[in-house]
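First comes the structure, then the notes that go with it.
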Amino acid sequence: MRTEKPQLRRGLNARHIRFMALGSAIGTGLFYGSAGAIQLAGPAVLLAYLVGGAAVFMVMRALGEMAVHQPVSGSFGHYASHYLGPLAGFLTGWTYTFEMVIVALADVTAFGIYMGLWFPEVAQWVWVLSIIFFIGALNMCNVKVFGEMEFWLSLVKVAAIVAMIVGGAAVMLFGFGMTQQATGFSNLWQHGGFMPNGIGGVVASLAVVMFAFGGIEIIGITASEAKDPAKVLPKAINAVPIRILLFYVLTLLVLMSIYPWNSIGQNGSPFVEIFSNLGISSAANVLNVVVITAAISAINSDIFGAGRMMYGMANDGQAPKSFSKLTNNGVPWMTVLVMSIALLLAVVLNYLIPEKIFMIIASIATFATVWVWLMILLSQIAMRRTLTKEEISKLSFPVPWWPVAPALATAFMLFVIGLLGYFEASRIALFVGLVWVAFLTLAYWLWVRKKDGGSPAIATTESQ
């Protein structure tokens, strides 16, 4: 009796997809990286999150238009191949995988830092190694099990953020846990003003801010495993960016009102640090559990996203065929294995440079993230040019404010890439990014071009 070839399974519902996107985008960037953004811009970092959030929302709507029109495995890597050419798809898919590896490196590094609150005598790399093995095993589960796990992990941190906002308001209103430090909205302008480092500080913070939003594009990756993509994706895309924006802005507003912005350091998560300084030691321990959960959730989504992207590229002939191999329960096991091995680099880096590693990784991840978003925007613009007026009128989830909004978002992404090269602290990210793109271009012409008969046709992934 002939057995059917394993395939990706449509096991993700709206609840899973919403929380997977939240899980990927609300993590280390908020709970740990936000301290760096605050130091650069002061309270005006709120403006950076608003502007960056608006640009990311346009990226998601552009992705949504394509994903609802044609839900495929490989998502935006496939769209770039089809609408911009095979080389663009190759660059996009591999750069997204690179982004997920780098972001996951940042997340596992943050996990090691968080564990240091309870176990300061244990080396940071030990915790990094342990979490890599755990997440690798989790990603080998059936996609429905994975989605359910991600839902609960993300729910914990979303609930914690809401509790932090409510609790912070209570501290300001009723003085719970107060020390000699004054709390209240006056902290937003009493320590050098609302914009203490000028507009330059706000601009400088954009690189860290965009890193924080990285991972939200995983919604597009889920299209081939969503039960009803035409119904589920629009709801998720409209809701998630707005929720993330509210979470970031409201949370940081409370954070900087409870404690002067210039006193927020990077000795662990700023959330844990602030509650510890307020004398609420039990809350600090609870929050440490939350940020650890957030890191695990984000790593989980990172490996999932990279795996599905590589699966789609392997089917298009732009990645080794071995990446298209699936377990009997529909998991691309080779991509999970390769991602887990790649993350072992974090063990080495955390052993060699534990103090400097996070900000270096974050800036490199920003380049990869913004590059992918730029390709999504350009792919959507190119797709529109291939459609007739009648076909455009039939799009069920069109980009709003076309063509002005996508054009502005595209210009903003180019501006952020330029910023990486302008500031000395992040210049290494631009150099690494450009070398990466040059290497991929060479690899494409040497190994892929020979086999490439043209742009792959778009076809939806079969499911069972």
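The values are calculated or read from the model by the stated rules, or taken from the named source; none is laboratory data. Being a predicted model, the structure only gives us computed values, none of them experimental. For neighbour counting, all protein chains shown are included, and Cβ atoms are generated from backbone atoms with ideal geometry for every residue, glycine included. For accessibility, only protein heavy atoms count, side chains too; no ligands or nucleic acids. Shrake-Rupley method; radii C 1.70, N 1.55, O 1.52, S 1.80 Å.
Computed quantities for the displayed model
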quantity: Counted residues, the stretch 200-214 - those being in contact (Cβ under 8 Å) with a residue 60 or more places away in the chain and either among the aliphatic types (A, V, I, L, M) or open to solvent by 20 Å² or more (accessible area, probe 1.4 Å) (or both); calculated: 9
quantity: Filter pass, residue 218 being open to solvent by 10 Å² or more (accessible area, probe 1.4 Å), at pLDDT below 80 and among the aliphatic types (A, V, I, L, M); calculated: no
quantity: Residue among 322, 363 that is under 21 Å from residue 95 (Cβ atoms), at pLDDT 80 or above and in a helix (DSSP H, G or I); calculated: 322
quantity: Filtered residues of the stretch 305-319 (kept if assigned to a helix (DSSP H, G or I) and surrounded by 21 or more Cβ atoms within 10 Å (Cβ to Cβ)); calculated: 305, 306, 307, 308, 309, 310, 311, 312, 313, 314
quantity: Residue check for residue 122: under 29 Å from residue 401 (Cα atoms), modelled with pLDDT of 85 or more and open to solvent by 20 Å² or more (accessible area, probe 1.4 Å); calculated: no
quantity: Qualifying residue in the stretch 83-96 (condition: open to solvent by 40 Å² or more (accessible area, probe 1.4 Å), of a type outside the set (D, E, K, R) and more than 19 Å from residue 434 (Cα to Cα)); calculated: yes
quantity: Qualifying residue in the stretch 60-68 (condition: at pLDDT 85 or above, within 17 Å of the chain's Cα centre (by Cα), open to solvent by 10 Å² or more (accessible area, probe 1.4 Å) and within 23 Å of residue 333 (Cβ to Cβ)); calculated: no
quantity: First in the stretch 361-375 and open to solvent by less than 10 Å² (accessible area, probe 1.4 Å), second anywhere and acidic (Asp, Glu) and at pLDDT 90 or above, Cβ under 7 Å, 6 or more apart; calculated: none
quantity: Failed item, numbered, when residue 106 is tested on (1) open to solvent by 10 Å² or more (accessible area, probe 1.4 Å); (2) in contact with a helix residue (DSSP H, G or I) (Cβ under 7 Å, 6 or more places away or on another chain); calculated: (1)
quantity: The lone exception for residue 41 - which of (1) crowded, with 23+ Cβ neighbours inside 10 Å; (2) in contact with a Phe, Trp or Tyr (Cβ under 8 Å, 6 or more places away or on another chain) it fails; calculated: (2)
quantity: Flag for residue 135 being under 28 Å from residue 92 (Cβ atoms), modelled with pLDDT of 75 or more and either of a type outside the set (Phe, Trp, Tyr) or out of contact with any Gly (no Cβ under 8 Å at 6 or more places or on another chain) (or both); calculated: yes
quantity: Unique match (being hydrophobic (A, V, I, L, M, F, W, C) and within 17 Å of residue 366 (Cα to Cα)) among 44, 104, 80, 62; calculated: 104
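Matching residues to (1) open to solvent by 30 Å² or more (accessible area, probe 1.4 Å); (2) modelled with pLDDT of 75 or more; (3) out of contact with any Pro (no Cβ under 9 Å at 6 or more places or on another chain); (4) assigned to a loop (DSSP other than H, G, I, E, B):
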| site | (1), (2), (3), (4) |
| --- | --- |
| 231 | yes, yes, yes, no |
| 244 | no, no, yes, no |
| 248 | no, yes, yes, no |
| 253 | yes, yes, no, no |
| 265 | no, no, yes, yes |
